[in-house]
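Below is one structure, written out as structure tokens; comments come after it.
Every number here is computed from the coordinates shown, using simple stated rules; none is lab data. Please read these numbers as outputs of a predicted model, since none were measured by experiment. Reconstructed Cβ throughout: ideal geometry from the backbone, glycine too, with neighbour counts over all protein chains shown.
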Amino acid sequence: MPDSPAHPQSPVAAPGYRYLDFLGGPSRLVSEDTCRGCFMNLTERHLPDILAPVYDDGVITVRQDAEWAVPGFMVVGVRPHIGALDEMELPLVERIGRVTHFVRRAMRERLGLAAVQMYQEEKLERPHFHVWMLPLWPDVMAEHGINPRIYESNVAQYLTLFSLGSHEAAIRRCTADVRDFLAEIPELRDGTPI
């Protein structure tokens, strides 16, 4: 993927450090071994409000992607530091599937998205399990000739077509719509068994 446009002018970090960029907020200088997922969970109240979870059951969170300003770009993540799906207990895997199912329904029913690409990337360094749910906005895809087929994809270019300055209102509308949809789902309420 291309570099994040969240803060294209982040200074070069000193050896042993790196910057984490966030939509609507300052870059954060952290130790190079800092996991982004853990950092976000530990400093959540200091993150830009645009990144507030639309769903949070204490273990699974859903929120707007932290760097890319694509409206409705939801990330399903876990609070514990777990790097990969096979490292989870089966009930958590099943719960993630259920949450992801309802997020996708929200994207179709509330955001009107016929197509969404989902990615689960197992990073070699600082892995923290999450699933990207990237909305494919048909007007933007058509206007810029974006091919969504993964093996022929120019989705990396697609990510750069959105900026917070131009799309903040749409991001906030999408997060509100997804949050409202998920709040209405009985299977996602506290205490509901898998």
Relative contact order %, the range 36-188, counting alpha carbon pairs below 8 Å whose residues are six or more apart = 29
Order of 164-174, 129-139 by packing, highest average Cβ count within 10 Å first?
-> 129-139, 164-174
Tail beyond 32 Å, pair distance distribution of the chain (Cα, percent) | 13
Go ahead and run the numbers for FRET between Tyr17 and Arg45, Cβ-Cβ distance against an R0 of 30 Å, rounding to 0.05.
-> 0.85
Could you give me the ³J(HN,Hα) list for the range 53-62, computed from phi with Karplus coefficients 6.51, -1.76, 1.60 and θ = phi - 60°, whole Hz, x at Gly and Pro?
-> x, 8, 8, 7, 9, x, 10, 9, 10, 10
Residues of the range 133-147 with backbone N under 12 Å of the label point set 7 Å from the Cα of Ala170 along Cα→Cβ are 135-144
With label points set 7 Å from each Cα along the Cα-to-Cβ direction at Gln117 and Glu143, the distance between them in nm comes to 1.9
Report the local net charge at Ile96: Lys and Arg +1, Asp and Glu -1, summed over other residues whose C-beta lies under 14 Å from its C-beta.
-> -3
If you build a Gaussian network model of the chain, linking Cα atoms that sit under 10 Å apart, which residue out of Pro11, Pro26, Pro53 swings the most?
-> Pro11
The simple spin-label model distance between Val59 and Cys38, using points 7 Å out along Cα→Cβ, in nm, is 2.0
